[in-house]
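Following: one structure in structure tokens, then a few remarks.
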Number of protein chains: 2
Amino acid sequence: MAHLMSTSCSIKISSSYRPCGQPLSQDRTVLPNSFTIKTSKSPFKRLVSKGHRAGRSCVVLATAASVSKEVSANPRSGSDRSPNDSSKPQRVMVIGGDGYCGWATALHLSNKGYEVAIVDSLVRRLFDHQLGLGSLTPISSIHNRLRCWKAITGKTIELYIGDICDFEFLSETFNSFEPDAVVHFGEQRSAPYSMIDRSRAVFTQKNNVIGTLNVLFAIKEFREECHLVKLGTMGEYGTPNIDIEEGYITISHNGRTDTLPYPKQASSFYHLSKVHDSNNIAFTCKAWGIRATDLNQGVVYGVKTDETSMHEQLYNRLDYDGVFGTALNRFCVQAAVGHPLTVYGKGGQVSVLFQISTKASMPSTFCLLFHFDK
Amino acid sequence: MAHLMSTSCSIKISSSYRPCGQPLSQDRTVLPNSFTIKTSKSPFKRLVSKGHRAGRSCVVLATAASVSKEVSANPRSGSDRSPNDSSKPQRVMVIGGDGYCGWATALHLSNKGYEVAIVDSLVRRLFDHQLGLGSLTPISSIHNRLRCWKAITGKTIELYIGDICDFEFLSETFNSFEPDAVVHFGEQRSAPYSMIDRSRAVFTQKNNVIGTLNVLFAIKEFREECHLVKLGTMGEYGTPNIDIEEGYITISHNGRTDTLPYPKQASSFYHLSKVHDSNNIAFTCKAWGIRATDLNQGVVYGVKTDETSMHEQLYNRLDYDGVFGTALNRFCVQAAVGHPLTVYGKGGQVSVLFQISTKASMPSTFCLLFHFDK
């Protein structure tokens, strides 16, 4: 699997290929029947589109633990563009943009006028094949998703298919797309998956930690002003018997006081991988001045956002299985079919749940909103 | 390099091979000139020896942060031996046993009557070749070291050459040697090395984190009563402005109190890898009941121990370069040749230094002593 994912994908589809077998049920938008696609080195740029439909905002809600500087309201762009050149849209790379949170985020940002590129190895779809799982909602291929988005809105989302653990591939994406910001969802994100066996535990930590290390090095090497928004998890903190503070806590001990990183107590190899990431990110912020926001969000649920509900080919995935199904999604589907709810542990856990399409008023969420919507 | 190290080594040397070109300068012990060696699946067992010399104790000094249960005074042995069968020596696997701390530890334990196996990929010697570095003291090959030890003391140290990131290899070593305890030094141990470039940063974290994960899984799968003694570093804690506690600290915050993992603030990709290890180990202690001692020791210096000074072929390495040379070793050599001392940072750092052959009276050190010497 690791070998598979270290190979970047290069795709060329002949002009006789028809991407959509079915017409759009809601919008009746005509999809293109001729186009050229190249991924990896030549991103997904040459789609022909007809039709346009404006959307509203979608945000993945999160609590934020800023590990370094405050999030900038107006992220400076790279060396090839003036920092104050407001005429050019900001360029946001969404790593893991074919996944549940990533897809909704990519569409939202594209709809808001950002230039968006999706970077994804598509390994999440491979997990479904390997484990015999699948989304309850039928989801289109990433290629058809992006064609549909272009057809409906006229907006192009670039596509780079490859593994960010492959630094050569990641370097190409940075040098080709030149992001002003990177939203990094590109990790194995299931705690149960990480606990299946040794192979998957090791895969989870290697994939997540090395992928994020590569992103940090790519920012340092190619786009040092680029802002990283990294998805962690509330689960990094565990369940301490004191209030959880965002990122840091002031401790008085034996007559002295210091403000130190809040202690983490992860409860799976997945959660541990996020702790490792947070520690690596915090270090690079100190050592290199990396501009990063490390989001430690709770469970996200739901399917529809303003953008994903535009067309059935834009639908987001709904996981309801025991490995990737988030709690509320799983409970709803189980209740609907009369299946007992599958509760992990003793059932006494309390967690914050975020609806994927709702903007919350939490100050920490505003870090993300502020950064991208300002 | 990763590929190289994932290949276990299998060696067979013909009986006409002479391992030692020079006679022993001090002991005049006659070394064998006929033997068979097989590593990996068939460890290093068939040495012919002449001569015996008793040694005294050597311990790598350390402060210890026990992450789980108290260290047992008499580690129970595995399923094939009675827990109370004191007639059979305890079996200790020293991972990284060809390295600076590992070599001294392996000889000490062997001399104390433990059955010892060294597991090592020998990659530390490759680093020397790649970076153009070398030990000031001439060091023998691991094969000659072990032949010499056998010749002098009559004691056999088994040898498994391979990479613990290769779980198939590690499984073989566990099933063949059946350790009662594992002392794990088998990590890339230089902070400067980890900061040379991206490739070495990634190597350090992948090698250290995945290797330790594999050791944890091997213990769980094959030797669940086996005690792990894992080498970390004082540097995991950074330089907080409050007293450093071993492992945990009690924090009162907003009217509630909890005892939580002491916050870590690592200052290199190497130190971060040790923090990641500590978090993974702590989790497996909780989740699986792994019996582990996570040592967070300071800088070790010096060369001679009672065992390594028995013969020139047993000499330990003395690194004095800017990458692997520990502070005091480096300073001494630089002073001797009139070279300015190479101080990292501003030169204001204060650190604890441990002489490799000295037993200290620190309680935490006793964890290690108690475990192995009782």
| Two-decimal Rg/Rh across segment A:195-244, once Rg and the Kirkwood Rh are taken from alpha-carbon atoms | 1.12
| Between A:D197 and A:K286, 0.36 nm times their residue separation minus their Cα-Cα distance comes to what? | 28.5 nm
| note | Each label sits 7 Å from Cα toward the beta-carbon; between A:L133 and B:R256 the label points are separated, in nm, by 3.0
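Determine the relative contact order of segment B:178-248: mean sequence separation of Cα pairs under 8 Å and six or more apart, normalised by residue count, in whole percent.
On the way: 45 pairs, mean separation 31.3, N = 71.
That works out to 44 percent.
Give the ranking of B:H227, B:H339 by solvent-accessible surface, highest area first, calculated with a 1.4 Å probe.
The ordering from most to least exposed comes out as B:H339, B:H227.
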| Rounded to the nearest 10 Å², the accessible area of B:R189 at probe 1.4 Å | 80
| field | Solvent-accessible ranking of A:L328, A:L216, largest area first, probe 1.4 Å | value | A:L328, A:L216
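At a probe radius of 1.4 Å, figure out the A/B buried accessible area, summed over both chains, and give it in Å² to the nearest 100. Could you put the intermediate results ahead of the total?
On the way: alone 17150 and 17130 Å², together 30210 Å².
Roughly 4100 Å².
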| note | Which of B:K88/B:K286; A:K274/B:K230; A:K112/A:K206 exceed 26 Å between C-alpha atoms? The answer is B:K88/B:K286; A:K112/A:K206
| message | Using a 1.4 Å probe on the protein heavy atoms only, what accessible surface does B:S141 show? Give it in Å² to the nearest 10. | response | 40
| query | When all alpha-carbon pairs of segment B:95-150 are counted, what percent fall beyond 16 Å? | reply | 44
| remark: With one decimal in nm and the nearest listed first, the spacings from B:L122 to its own position in the other copies, using label points 7 Å along Cα-to-Cβ, are 4.3
| What FRET efficiency comes out for the pair B:L353/A:S176, r = Cβ-Cβ distance, R0 = 41 Å, nearest 0.05? | 0.25
| said: Give me, ordered by chain and number, the residues 5 or more places off B:V94 or on other chains with an amide H under 5 Å from its own placed amide H. | reply: B:A117, B:I118, B:V119, B:V183
| message | To confirm my reading of the symmetry, which residue of chain A has the Cβ nearest the axis that brings A onto B, and what whole-Å distance does it have? | response | A:H276, 2
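From largest accessible area down, sort B:V323, A:V215; use a 1.4 Å probe on the protein chains. The partial results should precede the final answer.
Numbers: B:V323 35, A:V215 0 Å².
Largest to smallest exposure gives the sequence B:V323, A:V215.
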| query | Using modelled backbone amide H atoms (1.01 Å from N, in-plane), which distant-in-sequence or interchain residues come within less than 5 Å of B:A292's amide H? | reply | B:S68, B:K69, B:L228
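I need the Kirkwood Rh of segment B:128-270: take the reciprocal of the average 1/r across all distinct C-alpha pairs and report it in angstrom.
On the way: mean 1/r = 0.0539 Å⁻¹.
One over the average 1/r among Cα pairs gives 18.5 Å for segment B:128-270.
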| query | Label-to-label distances across copies for B:G298, with labels 7 Å out along Cα→Cβ, in nm, shortest first? | reply | 4.6
| Put a dot 7 Å past each Cα toward the Cβ at A:Q334 and B:E168; how far apart are the dots in nm? | 3.9
| query | So how much accessible area does A:F167 have, in Å² to the nearest 10, using a 1.4 Å probe? | reply | 30
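The values are calculated or read from the model by the stated rules, or taken from the named source; none is laboratory data. Keep in mind that what you see is a predicted model, and the values were worked out from it rather than measured. Counting neighbours? That spans all protein chains shown, and the Cβs are built from the backbone with ideal geometry, glycine included. These area figures cover heavy atoms from the full protein model, side chains too; ligands, DNA and RNA do not enter into them. Shrake-Rupley method; radii C 1.70, N 1.55, O 1.52, S 1.80 Å.
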